[in-house]
Structure formats: C-alpha cells, structure tokens
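First comes the structure, then the notes that go with it.
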Amino acid sequence: MTDRLKVSTTKIHMFAALALLVGGVSTQAAESTVIYAQANYEGQGVAVPSGDYTVDKLPSGMTNDQLKSFKIPNGLNVAVFKDWRYEANVRVLTEDTPDFTEFGISSFRIFQHGIVVDHATYGKNCGGPDGNATEGAIDLCNGKASCELQVTTKVFGDPKVGCGKDFTVNYTCPDGTKKSASLKGEAAHGDPAQLSCEGHQKGIAVSSATYGKNCGAPDGNATEGATGICNGKTDCELKVTTVVFDDPKVGCSKEFAVDYTCPSGESKTATLKGEAAHGDPARLSCG
C-alpha cells in the first residue's frame, strides 16, 4: 500500500511539472487542482495550476469529454464548459467533485477566489513547529475575501501549556499579493487575526447576474455562468445565449444585467436590453 502511494504521488508531481509548460498558465495559487479521467478520483491524477485550458492541450493525454472528477483546494474555483471556447453549458465547481456527469467537458478555467493560506504557525516562540496551524487556518479562511481568524486551542491545539504563544499566518490574494497577519502571545486570549484580500482581487469579480428579470426570472439566475466565463479576467465579452444561461421564459424578450467589482474596489454594471440573446455581448472591463 505504501509503495502504491509513493508511485501515485510521484506521478501527480510529474504531471504537475509538465502542466507548467502549458501556455498562459498562472502559478500564483498556493495549491493545484488535481483532475482525473475517472470518477471517484481513480486512475491517473494530473495536478494543474490556475489558468485556462482546453482538454486536448493537457500533457496527460486526456482528450475531449474525459474529465470526470476534481480535487479542488479551498480558495480555488473550476469553471467547466461543454465547448472548447469557454462558453457553452458552464458550471462552476467550488469543492471536491467525485463524479461530474452533467456533460462532457471540452474546456475549463481554474481561478483563485479570495484568501489562500500558505503557512500558519501557533507558538513558534514556545517551540511550536513551523506550519502547525496551517490546516486550521485553511479551513477557517480560504476562499473568503476577508477573515477574522480567532485563535483557540480547540482548533489549533496547545503546543506548550503555560507559555504565552504568538501566532503568524502568511497568505496570498488573487492578484498575487503576499500578506501576513500576526498576534502576540497569548494569541488565544486576544483579538482575532485580521486577514483581508479586499482590493487585491485579480481582474473582474462578478457579484450577481440576472437574465430575464423583466420577464419574472429570479435575481442571480445567471451568476454562475457569468462568474465562470469572466472572473479573473481584465476584460470580458459575455455573450448571452440560452445554451449558457437557459431560457427562464420562452417567448418573452429578456434583458440581462451583471454587477461586478474591479481590483480598485470600483463597482460596475453591464446591461443588455431584451432580447439579450439576439444582440451584442455584454462588455465587462477592469482595464
């Protein structure tokens, strides 16, 4: 069993290195998403960093419609598409997905969302080992725009009873900015550590999108699709089609509106008059 684990881990690291050769890949995220051609994380695993991919360009030899399961670190999103142009039948996966069978995947995007904790230590001044609080900090803060991290021995244990332990956490924001937060000892008896990536996102961040509100459609019914297509980009031409967003009311001339924010903190809106699916794309820009 141990030998098998070593072989599997080696294979994943090997393909992670190969994946870095794919053009246009960003390696800012602290961890990579691992994708599998079989359900339930079986078979060959390929570790892929953040970026935009078409399945036929993966170095693993995977081909169109083969991707079935995803191991997704906290703080990352995977937008999957039925076509190779990052448009049709978009779905955004935010957590480990053991068996994606809704449609065959021809392209996908991996992008960071919020805080990604790199390293956290509780009680280093008292002999606590480096990184002993990393897992707990990840569980509490990854994927959030901001996080009040309350240090407790229930979450992080107590590396040395009776010693006034300090706390330090290092993390990365979507735009690649490296930040840290620290507390003096005893960290568990004071205010929480304040982590924030507000103002440090990378490109467009969609907050809400609605297709056909004027025809009775619910608010936010197009948010997932708009997020998958545009998040993380500096500029985005968002073509409204019923393939991407479904048709909330056949025969009604539906308008479209998307609200988003830019790294500067500026909030913006792009709108299309009905019928939105028959006209020009909505243009989002943080340039």
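Read the figures in this text as sums done on the coordinates, not as results from a lab. Just so we're clear, the structure is a prediction, and the values are computed from it rather than from any experiment. Here Cβ is always computed from backbone atoms with ideal geometry, including for glycine, and neighbour counts include all displayed protein chains.
Report the net charge of residues surrounding SER285, where surrounding means a beta-carbon distance below 11 angstrom and charges are Lys +1, Arg +1, Asp -1, Glu -1. Here the charged neighbours net out to 0. The H on the amide N of SER208, modeled in the peptide plane, is under 5 Å from the matching H of ASP259, each at least 5 residues off or on a different chain. Partners of LYS184 within straight-line reach, counting lysines whose Cα lies under 20 Å from its Cα and excluding those fewer than 8 residues away in the same chain: LYS124, LYS154, LYS160, LYS165. What pairs in LYS68/LYS144; LYS202/LYS268; LYS82/LYS239 have C-alpha atoms more than 22 Å from each other? From LYS68/LYS144; LYS202/LYS268; LYS82/LYS239, over 22 Å: LYS68/LYS144. Rounded to the nearest 20, the size of the Cβ-charge dipole of segment 172-287 about its Cα centre is 180 debye, with Lys and Arg at +1 and Asp and Glu at -1. Amide H contacts of ASP118: ASN170, TYR171, THR172, each under 5 Å away and 5 or more positions distant or on a separate chain (H built 1.01 Å from N in the peptide plane; Pro and chain starts excluded). When peptides 156-162, 264-270 are ranked by their average number of other Cβ atoms within 10 Å per residue, the highest-first order is 156-162, 264-270. Could you compute the net charge surrounding GLY203? Neighbours are other residues with a C-beta less than 13 Å from the C-beta of GLY203; K and R count +1, D and E count -1. Around GLY203, the surrounding residues sum to 0. Pairwise inverse Cα distances across segment 116-196, averaged and inverted, put the Kirkwood hydrodynamic radius at 12.4 Å.
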